1. In this structure, does Arg44 turn out to be among the basic types (Lys, Arg) and open to solvent by less than 80 Å² (accessible area, probe 1.4 Å)?
2. Need pairs with beta-carbon distance below 6 Å; first residue free of Cβ contacts under 8 Å to residues at least 12 places away in the same chain and more than 22 Å from Pro68 (Cα to Cα) and within the stretch 5-28, second open to solvent by 90 Å² or more (accessible area, probe 1.4 Å) and assigned to a strand (DSSP E or B); sequence gap 6+ or separate chains.
3. Which residues, taken from the stretch 1-25, are among the aliphatic types (A, V, I, L, M) and surrounded by fewer than 18 Cβ atoms within 10 Å (Cβ to Cβ)?
4. If I ask for residues that are farther than 14 Å from Gln5 by Cα and either without any contact (Cβ under 8 Å) to a residue 24 or more places away in the chain or charged (D, E, K, R) (or both), which ones from the stretch 29-57 would you list?
5. Tell me which strands (runs of 3 or more DSSP E) are completely within the stretch 1-56 and hold 3 or more residues being of a type outside the set (A, V, I, L, M, F, W, C) and over 9 Å from the mean Cα position of the chain (by Cα), or say none if there are none.
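The values are calculated or read from the model by the stated rules, or taken from the named source; none is laboratory data. Everything numeric here is computed off the predicted structure, so don't read it as measured data. Cβ placement follows ideal geometry from the backbone for every residue including glycine, while neighbour counts extend to all protein chains displayed. Only protein heavy atoms, including side chains, enter the accessible area calculation; ligands, DNA and RNA are left aside. Shrake-Rupley method; radii C 1.70, N 1.55, O 1.52, S 1.80 Å.
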Amino acid sequence: MPTVQSYKTNPSHTEKMFCVKCRTTVIITAPELVKLKNNRYALRGTCPHAGTVCYKVISEARAKQLVPSI
């Protein structure tokens, strides 16, 4: 498992992510914020079309903006 910690984001929050299987940009609703083993933050969600897991690496400042309790 690549994650150390995970945090829930606002259920109404949407984020654009790239789905490798669909080869398109998809809109993910309520992505989960995860902290990776290398101490970087990423958003994790499921593609609504293919059902695969999509990741988007984000900055620490953006992570604190999404979940202030970090």
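1. Against the criterion (among the basic types (Lys, Arg) and open to solvent by less than 80 Å² (accessible area, probe 1.4 Å)), Arg44 qualifies.
2. Taking only residues 6 or more apart or on different chains, the pairs are Thr25/Lys16; Thr25/Phe18.
3. Once the filter is applied, which keeps residues that are among the aliphatic types (A, V, I, L, M) and surrounded by fewer than 18 Cβ atoms within 10 Å (Cβ to Cβ), the stretch 1-25 yields Met1, Val4, Val20.
4. Matches in the stretch 29-57: Thr29, Ala30, Thr46, Pro48, Gly51, Val53, Lys56, Val57.
5. Output list reads 3-8, 24-29.
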